[in-house]
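Participant: Dropping a structure here in structure tokens format, bear with me for questions.
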Amino acid sequence: MKKYFMVIRYFAAASFLLNMFGVTAQKIDPSISQKQWKASWIAVPGEQPNGYGVYLFRKNIALTSKPESFVIHVSADNRYKLFVNEKLVSLGPARGDILHWNFETVDIASSLHAGNNIIAAKVWNDGEFRPEAQISLRTGFIVQGATAAEQLLNTNSTWKCIKDSSYRPLKVSLSTYYVAGAGELIDMHSYISNWKKNDYNDNVWKMAQPVYSGNPKNILGAYGTPEGWMLVPSGIPQMELMQQRLMKVRKTKGVSVPSSFPGNKTPFTVPANTVATILLDQAFLTNAYPTLIFSGGKNGAVSLSYAEALFTKFPSKGNRDEIDGKVMMGRKDSILSDGTIAQSFTSLYFRTYRYIQLRVTTKEEPLVIEDLYGTFTGYPFRYNATFESADSELNKIIEIGWRTARLCAVETYTDCPYYEQLQYIGDSRIQGLVSLYNSGDDRLLKNALNQMDNSRRPEGVTLSRHPSYTPQYIPTFSLWYIGMLHDYMMYGKDTTFIKNKLEGARDVLNYFRHYQQEDGSLKNVPYWLFTDWVNKKDWVQGAAPVGKDGNDALIDLQLLWAYQMAADMENKIGMKAYGSLYLRYAEQLKKTIRNKYWDNNKKLFADRSEKDLFSQHANALAILTGTVGINEATEIGKKLLADTSLAPASIYFKYYLHQALIKAGYGNDYLNWLDKWRENINMGLTTWAETSDLDKSRSDCHAWGASPNIEFFRTILGIDSDAPGFARVKIEPHLGNLKNVSGDIPHPKGKIMVQYSNSNGKSIAAIILPEEVTGRFIWKGRSYPLKPGKNIINL
């Protein structure tokens with residue numbers, strides 16, 4: 001219990017970000033989005049606009065006194081780090097697309113002083129080595145002052161700039177899908193040092209070249225043509241930054257390392273003409289900016305390799321705690337030493353790692369490792385829920401789930417931080433509910449819904465992931481997008497936000513109408529119809545089996561559920577005519593599914609009309625869509641739990657499987673369904689793996705497996721929404737063998753707290769609801785009204 005709360009507090013320490021930056025995100029003046037900016041996008045003259053490069057920009061300003069406020073808007077392509085008087089004040093921009101290019105708004109007053117001030121920015125373009133999630137137009141940088149007082153910082157030809165030619169990309173070679181960007185090779189002989197200092201001599205630097213006007217979205221250039229990036233204010237806060245020491249040395253070769261390293265700053269020397277390797281263990285997976293400080297070692301080299309786990313033989317990993325007989329593979333940064341004192345490297349973007357392999361190759365001079373540490377980064381979620389029980393295993397599952405969710409949430413939700421960093425709808429739906437149940441912060445979820453809505457194609461379907469340089473189409477994920485909207489309608493606090501998204505949901509459903517037959521079933525829907533990672537007959541790359549007639553039950557069932565959720569949204573906050581229409585479509589499709597896929601002998605739904613293949617997926621969806629009544633659902637639930645011939649749900653799709661089993665009446669057995677999560681723990685993982693094959697799971701961190709961080713509260717404690725905006729509460733606990741358990745979750749109007757206790761044969765439920773919130777408590781089929789404030793119910 002103690003360790004669990006320590007970890008939660010660690011991951012909740014988002015306020016450190018503000019202390020480090022010394023600035024706060026600001027509400028912007030609406031006029032900044034209503035007219036062309038006076039600032040221009042600038043670049044270094046004579047440099048290739050789209051190739052790989054790192055560029056430095058500087059501007060000196062003189063102030064008569066320290067200002068109380070100094071608000072600026074800043075952005076770049078691809079990315080920037082902004083410094084004021086050598087202090088990091090902003091990182092960005094938050095990823096978007098050209099038509100929705102984010103700018104950050106920050107008040108830098110606390111970093112300014114009377115007299116000369118230096119504002120400096122490092123801007124980089126990864127070029128052809130860019131991460132797949134990085135959309136780009138060309139290299140550029142822009143700063144716009146919020147008012148006349150700050151506009152002396154507007155980017156124009158008065159800014160000075162230079163290319164830092166010390167940087168080169170290091171390509172990552174892995175025999176798997178890796179699209180998170182290259183490593184860095186830095187030659188310190190040509191590295192530009194001290195460029196952020198006020199007294200740095202920049203006489204050889206060039207004057208910046210304006211390339212485009214700063215245009216907010218919907219403010220176009222001449223004759224109604226777009227010019228450059230369409231700027232929009234970022235809807236999310238700046239990322240958290242917190243120093244994070246590595247835990248321990250696991251293995252060394254060629255050098256002796258002090259026992260206090262790396263937990264404390266402890267310099268040590270690698271002798272001349274030596275090749276030394278040191279394997280460092282963070283003890284848990286993290287996202288962090290590594291910082292290495294070293295001295296001497298002229299013409300030598302230092303490299304940092306990063307891995308979630310070591311490999312026995314690719315792709316096998318075995319137990320993640322074990323290192324013997326294993327090798328390091330993956331992303332790497334390398335630095336060539338110029339021999340000076342206190343050379344420093346910090347990666348441009350964060351790295352994901354549990355293990356770091358430090359390799360030092362010296363020539364004629366020894367090299368001193370002065371320090372090595374990380375700076376954790378991620379979306380600044382605070383953990384605002386509690387779950388308390390005597391079962392330490394449950395606390396461990398919550399801890400790992402929250403860490404997984406945090407590492408898969410940066411400027412967008414991501415499927416995995418190491419390999420892809422892409423925001424997929426299927427992953428984000430689960431991540432969004434984890435955010436609401438564990439934190440209550442809905443900004444990243446609303447950001448995801450905006451970006452998915454922005455990704456819709458003219459034919460109506462959304463992209464499966466966005467932002468993404470390469471468009472990808474998974475039509476089934478467009479259906480989960482409608483599920484995400486419904487989730488936010490029920491659990492979020494801004495129903496108007498969802499109401500404004502309903503037109504896009506209608507477009508998605510209209511897309512599927514083009515592929516529906518007269519009986520309502522779908523046929524030959526194009527693109528990748530991914531449902532789950534399943535290794536069974538005729539499951540191809542995650543797509544369910546398709547019959548000879550072009551039909552499959554899983555996509556029909558997903559469409560049915562989307563119709564039902566869309567109808568619920570339309571009837572509650574949209575247009576009832578659409579609600580009635582979608583319900584008619586749903587009823588027709590429900591009958592067709594029953595006629596086409598139900599096998600009366602097996603008493604199960606088949607995956608296709610041939611009725612030769614069966615899965616947990618089809619039958620779970622049949623329960624969730626009400627295609628069967630409660631009695632049939634109970635019988636199907638038994639088979640879902642016992643029939644090993646069914647294609648099994650992976651750790652991802654167990655989210656839906658478990659919901660179906662709960663609906664079928666098996667909720668009190670929920671704690672018996674967590675074997676895959678227990679296997680993750682036993683295999684040494686500190687985050688949930690991507691797939692159920694843990695030995696060969698590509699990614700060790702996929703938040704689509706964090707569904708227990710929802711269900712511990714929604715299923716075990718029973719806290720659920722019973723109306724849009726969580727305006728009413730339904731509490732229906734499934735305690736299983738737990739006798740004493742309690743917890744709380746954030747609610748749009750406060751907190752919902754529950755406590756279930758059993759003493760001397762007497763069971764009591766204590767429930768506290770926020771002011772103005774009512775609900776119902778359900779226990780053994782009986783309903784009890786709940787009022788605002790404290791409610792005590794004898795069970």
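Participant: If a residue has to be over 28 Å from the mean Cα position of the chain (by Cα) and closer than 15 Å to LEU152 by Cα to count, how many in the range 67-107 make the cut?
Facilitator: Within the range 67-107, residues that are over 28 Å from the mean Cα position of the chain (by Cα) and closer than 15 Å to LEU152 by Cα number 5.
Participant: Okay, moving on. Could you tell me whether PRO237 is closer than 25 Å to ASN78 by Cα and either part of a strand (DSSP E or B) or at pLDDT below 95 (or both)?
Facilitator: Here the answer is no, as PRO237 does not meet what is asked.
Participant: Here's a follow-up. State the number of residues belonging to the range 331-374 that are crowded, with 22+ Cβ neighbours inside 10 Å and assigned to a loop (DSSP other than H, G, I, E, B).
Facilitator: 4
Participant: Among the listed residues MET247, MET328, which satisfies the condition of being in contact with a strand residue (DSSP E or B) (Cβ under 9 Å, 6 or more places away or on another chain), free of Cβ contacts under 8 Å to residues at least 60 places away in the same chain, under 30 Å from GLU411 (Cα atoms) and surrounded by fewer than 16 Cβ atoms within 10 Å (Cβ to Cβ)?
Facilitator: One residue alone meets the criteria, MET247.
Participant: Select from the range 199-227 the residues that are closer than 29 Å to ILE32 by Cβ and of a type in the set (S, T, N, Q) and write down the one among them that is least open to solvent (accessible area, probe 1.4 Å).
Facilitator: ASN215
Participant: Looking at the range 558-584, which of its residues are in contact (Cβ under 8 Å) with a residue 24 or more places away in the chain and either open to solvent by 50 Å² or more (accessible area, probe 1.4 Å) or in contact with a Ser or Thr (Cβ under 6 Å, 6 or more places away or on another chain) (or both)?
Facilitator: Answer for the range 558-584, where residues must be in contact (Cβ under 8 Å) with a residue 24 or more places away in the chain and either open to solvent by 50 Å² or more (accessible area, probe 1.4 Å) or in contact with a Ser or Thr (Cβ under 6 Å, 6 or more places away or on another chain) (or both): GLN558, LEU560, TRP561, LYS572, ILE573, MET575, TYR578.
Participant: Of the conditions (1) in a strand (DSSP E or B); (2) open to solvent by 50 Å² or more (accessible area, probe 1.4 Å), LYS396 satisfies every one except a single condition; which number is it?
Facilitator: It is condition (1) that LYS396 fails.
Participant: If I go through the range 485-496 residue by residue, how many of them are assigned to a helix (DSSP H, G or I) and out of contact with any Lys or Arg (no Cβ under 6 Å at 6 or more places or on another chain)?
Facilitator: Summing the residues that are assigned to a helix (DSSP H, G or I) and out of contact with any Lys or Arg (no Cβ under 6 Å at 6 or more places or on another chain) in the range 485-496 gives 8.
Participant: While we're here: Looking at LEU529, LEU522, which is the one that is closer than 22 Å to ASP568 by Cβ and more than 22 Å from the chain's Cα centre (by Cα)?
Facilitator: LEU522
Participant: Right, another one. Which of (1) surrounded by fewer than 15 Cβ atoms within 10 Å (Cβ to Cβ); (2) in contact with a helix residue (DSSP H, G or I) (Cβ under 9 Å, 6 or more places away or on another chain) is the odd one out, the single condition ILE752 does not satisfy?
Facilitator: Of (1) surrounded by fewer than 15 Cβ atoms within 10 Å (Cβ to Cβ); (2) in contact with a helix residue (DSSP H, G or I) (Cβ under 9 Å, 6 or more places away or on another chain), only one is false for ILE752: (1).
Participant: Can you tell me which residue in the range 420-441 is nearest to the chain's Cα centre (by Cα), limited to those that are part of a loop (DSSP other than H, G, I, E, B) and charged (D, E, K, R)?
Facilitator: GLU420
Participant: Every residue in the range 188-206 that is farther than 20 Å from LEU82 by Cβ and touching a strand residue (DSSP E or B) at 6+ places or on another chain (Cβ under 8 Å), please.
Facilitator: Correct list: MET188, HIS189, VAL204.
Participant: Are any residues in the range 636-695 buried (at least 22 other Cβ atoms within 10 Å of the Cβ) and of a type in the set (Lys, Arg), and if so, which ones?
Facilitator: Scanning the range 636-695 gives a single hit, LYS654.
Participant: Which residues, taken from the range 760-777, are closer than 13 Å to ARG728 by Cβ, open to solvent by less than 80 Å² (accessible area, probe 1.4 Å) and either without any contact (Cβ under 8 Å) to a residue 12 or more places away in the chain or not polar (S, T, N, Q) (or both)?
Facilitator: LEU769, PRO770, VAL773, GLY775, PHE777
Participant: Can I ask one more? Confirm whether GLY181 is on the phi > 0 side of the Ramachandran plot and crowded, with 18+ Cβ neighbours inside 10 Å.
Facilitator: yes
Participant: Cβ-Cβ under 6 Å, sequence separation 6+ or interchain: first residue in the range 586-602 and over 19 Å from GLN616 (Cβ atoms), partner open to solvent by less than 90 Å² (accessible area, probe 1.4 Å) and among the aromatic types (Phe, Trp, Tyr). Which pairs?
Facilitator: Filtered contacts from the range 586-602: ALA586/TYR563.
The values are calculated or read from the model by the stated rules, or taken from the named source; none is laboratory data. None of the values given here were measured: they were computed from a predicted structure. All Cβ positions, even for glycine, are placed from backbone atoms using ideal geometry, and neighbour counts span all protein chains on display. Only protein heavy atoms, including side chains, enter the accessible area calculation; ligands, DNA and RNA are left aside. Shrake-Rupley method; radii C 1.70, N 1.55, O 1.52, S 1.80 Å.
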